[in-house]
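A quick write-up on the structure given underneath.
No lab work stands behind these numbers, since they all come straight from the coordinates. Small disclaimer: the values here were computed from a predicted structure and weren't measured.
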Amino acid sequence: MPRRSVPVNGAALRAIRERSGLSVQALVRLTAEHEDVSVHPQHVRNLELQRKNASPALIAALANALRVPVVALMRDHSDLVGSK
């Protein structure tokens, strides 16, 4: 059975990551350290650019690492993009 993947709001992921003061590399490290989920930095970049979808487990791990609810990575955060 193929693994299920779901779309991530890439702009929201990037905005929340940047507002948290994290680089892509730092988010990858946090996700690996605290969530025991391995993700490549290029995959995170592809998620932010909406080139790829993510498994529900990865979305949950990223949300936990960013300390936001999962829905925060699924909804529009265009109001955060570009603001610091």
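5 Å is the cut-off here: which amide hydrogens, built 1.01 Å from N in the peptide plane, fall below it relative to residue 54, excluding neighbours closer than 5 in sequence?
Result for residue 54 returns 6, 8.
Under the Karplus relation 6.51 cos²θ - 1.76 cosθ + 1.60, θ = phi - 60°, what is the ordered set of whole-Hz ³J(HN,Hα) values for segment 25-36, x standing for Gly and Pro?
Result, ordered by residue: 4, 5, 5, 4, 4, 4, 5, 5, 6, 9, 10, 6 Hz.
Compute the Kirkwood hydrodynamic radius of segment 10-73, taking the inverse of the mean of 1/r over all pairs of distinct Cα atoms, and give it in Å to one decimal. Don't jump to the answer; show the numbers that get you there.
Working: mean 1/r = 0.0889 Å⁻¹.
Evaluated over segment 10-73, this radius sits at 11.2 Å.
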